[in-house]
Structures are given as C-alpha cells and as structure tokens.
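Enquirer: Sending over a structure as structure tokens; questions will come in a sec.
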Amino acid sequence: MITYQTDGTRMPDIKKRPTTAWIRSVAATYGMKVGDVNYIFCNDERILEVNREYLQHDYYTDIITFDYTEGNIISGDLFISLDTVKTNSEQFATEYDEELHRTIIHGILHLCGINDKGPGEREIMEAAENKALAMRG
C-alpha cells in the first residue's frame, strides 16, 4: 500500500491514484512489487531534523529514503522536502510538477536497488529517472 502524508506542509497537488499506478508499474520493470511505501511530504526544517537525527548529515536535501525492502517487495518511508523540490526546479529550470515526480520516483528507484553515490551511479540513476518519467505519460 502506498500512502501520502504531510508533516508541517500542505499536500502537494498530485493525483494519488495515477501516481500510485505509475509507481507500481515502474517497480514492476525492476521485478519488484510494492509493499508498504509511505510518502511524508515536509518542509526544509523537518527534513533537516530527519537528516541530522537518523543520518548525522547537517544539510538540506530533497528526499531521504528509509529502505525496509525484503526480497522483491519494496517498502520504505520516503521524506520529501517540498521546499527543496521547489528550489531544485528553479535551479534546474524544470517544471515544479516534473521535479516533484522525479523526486517521488527517485526514492522508489532506491528501493529497487539503484544507487547514486558511487562513481558513475548518478548517471545511471538519472537515466532511470528519465525512463520512469517517460512512463508517466
């Protein structure tokens, strides 16, 4: 089950049913099924708290993914800072809606086993994000 919650911010303007179907179809392309995935949309202050408390990182970020995946069933808590998504959309000159959906699927791709910290991995993640966004239609 995929849930969408907020913590200190308003719910973004996303169409939950089509977004959920899209997430499931992207996961399926990696041979994965969706278990319990919880999106928590928050502001920069909240994501900074989460980053400091759980990861000992002292900076803002667009998404933090807590991975509870077992076997081919993806599960996790995904904190998304809508403030940083907005900043990124301005910085990269993309539409806010596109940047939001890129961030939404970025967490799913992590749960499917794609990383973005090592050499060459960022490019692989970006290609996977672009492929997933194209599936959104």
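The values are calculated or read from the model by the stated rules, or taken from the named source; none is laboratory data. Being a predicted model, the structure only gives us computed values, none of them experimental. Every residue, glycine as well, gets a Cβ built from its backbone with ideal geometry; the counts of neighbours run over all protein chains shown.
Enquirer: When you go through (1) surrounded by fewer than 18 Cβ atoms within 10 Å (Cβ to Cβ); (2) within 11 Å of L82 (Cβ to Cβ); (3) more than 15 Å from the chain's Cα centre (by Cα) one by one for L55, which number turns out not to apply?
Expert: Going through (1) surrounded by fewer than 18 Cβ atoms within 10 Å (Cβ to Cβ); (2) within 11 Å of L82 (Cβ to Cβ); (3) more than 15 Å from the chain's Cα centre (by Cα) one by one, L55 breaks only (2).
Enquirer: Same structure again: Looking at the structure I just gave you, is T94 of a type in the set (V, I, T) and free of Cβ contacts under 8 Å to residues at least 24 places away in the same chain?
Expert: yes
Enquirer: Also, quick follow-up: Could we say that N43 is in contact with a Gly (Cβ under 7 Å, 6 or more places away or on another chain) and in contact (Cβ under 8 Å) with a residue 40 or more places away in the chain here?
Expert: When the stated conditions are applied, N43 passes them.
Enquirer: With V34, V50 as the choices, which residue is farther than 19 Å from M125 by Cβ, of a type in the set (A, V, I, L, M, F, W, C) and touching a Phe, Trp or Tyr at 6+ places or on another chain (Cβ under 6 Å)?
Expert: After applying the criteria, what remains is V50.
Enquirer: Let me ask something else about it. Determine whether the range 30-37 contains at least one residue that is touching a residue at least 40 places away in the same chain (Cβ under 8 Å) and farther than 26 Å from G71 by Cα.
Expert: Scanning the range 30-37, I find no residue that is touching a residue at least 40 places away in the same chain (Cβ under 8 Å) and farther than 26 Å from G71 by Cα, so the answer is no.
Enquirer: Right, next: Going through the range 99-137 one residue at a time, which ones are more than 15 Å from I63 (Cβ to Cβ), charged (D, E, K, R) and surrounded by 13 or more Cβ atoms within 10 Å (Cβ to Cβ)?
Expert: Once the filter is applied, which keeps residues that are more than 15 Å from I63 (Cβ to Cβ), charged (D, E, K, R) and surrounded by 13 or more Cβ atoms within 10 Å (Cβ to Cβ), the range 99-137 yields K131, R136.
Enquirer: I'd like the full set of residues that are part of a loop (DSSP other than H, G, I, E, B) and farther than 20 Å from N72 by Cα, limited to the range 1-46.
Expert: G8, T9, R10, M11, P12, D13, I14, K15, N43
Per-residue answers, yes or no, for (1) small (G, A, S); (2) at pLDDT 95 or above; (3) within 18 Å of A21 (Cβ to Cβ); (4) part of a helix (DSSP H, G or I):
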| residue | (1), (2), (3), (4) |
| --- | --- |
| L48 | no, yes, no, yes |
| T65 | no, yes, no, no |
| I105 | no, yes, yes, yes |
| K131 | no, yes, yes, yes |
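Enquirer: A follow-up question, please. Which of the residues belonging to the range 67-80 are crowded, with 16+ Cβ neighbours inside 10 Å and over 10 Å from the mean Cα position of the chain (by Cα)?
Expert: Listed by number, the residues that qualify are T69, I74, S75, G76.
Enquirer: Okay, moving on. Among the residues of the range 75-103, write down those that are closer than 25 Å to Y30 by Cβ and in a helix (DSSP H, G or I).
Expert: V85, N88, D97, E98, E99, L100, H101, R102, T103
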